[in-house]
Each structure stands twice: as structure tokens, then as C-alpha cells.
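Here's the structure, in C-alpha cells; my notes come after.
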Amino acid sequence: EADPATGTGILKCRAKRDNLSDADDPVKNPVSGEKELMSNVEALRVLYGEDTDNDHWPNHYLNESQVSDWKNVVSMRLSVVLNSSERGISKADPSYSYDSNTYGVRNGGEFRVYRVFSTTISMRNVML
């Protein structure tokens, strides 16, 4: 979703609590309203580390549709690209790179500054 004031993306979250003993009761399984987590979001990417040789380490990172067996997923790589809220502070619209790919900016001509933040998370009780 875009922030109407700045035209930049907003990352939001909505949570649902599951009561396993009574999953069909909406009172016991409430859904929260949307909460803003982060503003100035250009892109968010989640890749899954799949172990294809049973050594408990990922052999490659794939998007959701490419994972062949979810039981082999041992980690997740999260990348978020943030942009400055101010326009006109860069000399040109830059491209940015992560996971060996280069991307152009979504709203060209705004001359914002961009930065990529990435982390890799080991799935609990999977990698040794």
C-alpha cells in the first residue's frame, strides 16, 4: 500500500490468533486490525533455503513457487529495500541489487536514496 503523503510503500501486518481447541469460533480466534510496521518500503522479498542433499545446509534459495519440497526448507532469506522519504536528494534514479539480481526503482524521476537490508534466518530445529 502506498502512503498518500509521500507516494512510498508501507509494509503492514495483520495477525490472527488460532485457538486449536475451537478453531471455528471467531471470538476465540480474533483477527487484529492492520498495524503499520515500516514506511518507505520499495520492495520486500522472501526466499527459502532448500537443502537438496540432506546435509542440513541450503543448496539454493528459491521463491515460494519454486520450492519442490517444503520439508527440505532449512532457512529463509528476507530482504527489504527502503527508500528515502525525501525526493530530489540523489543525482539519478539508482538501481539496487540483491540476491544476484539488479532492479530498477518503482517510481522513476523522484531521485530518492535506496538501501537494501537482508538477513538469513535458520529454521528452528532444522539446521545443526
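Coordinate-derived values only; no laboratory data. Computed from a prediction, not measured in an experiment: that's the story for all the values here. We place every Cβ from the backbone using ideal geometry, glycine too, and count neighbours over all the protein chains shown.
Assuming R0 = 35 Å, can you tell me the calculated FRET efficiency for the pair residue 70 and residue 27, based on Cβ-Cβ distance, to the nearest 0.05? Here the calculated transfer efficiency is 0.65. Does anything in region 59-73 have its amide N under 13 Å from the 7 Å Cα→Cβ label point of residue 120, and if so which residues? Within reach of a label on residue 120: 59-62.
Charged neighbours of residue 50, selected by a Cβ distance under 15 Å, balance to -4 (K, R count +1; D, E count -1).
Charge tally around residue 70: other residues with Cβ under 10 Å, Lys/Arg +1 each, Asp/Glu -1 each, net -2.
Scanning residues 5 or more positions from residue 43 or on other chains, those with amide H under 5 Å from its amide H are 81, with H placed 1.01 Å from N in the peptide plane.
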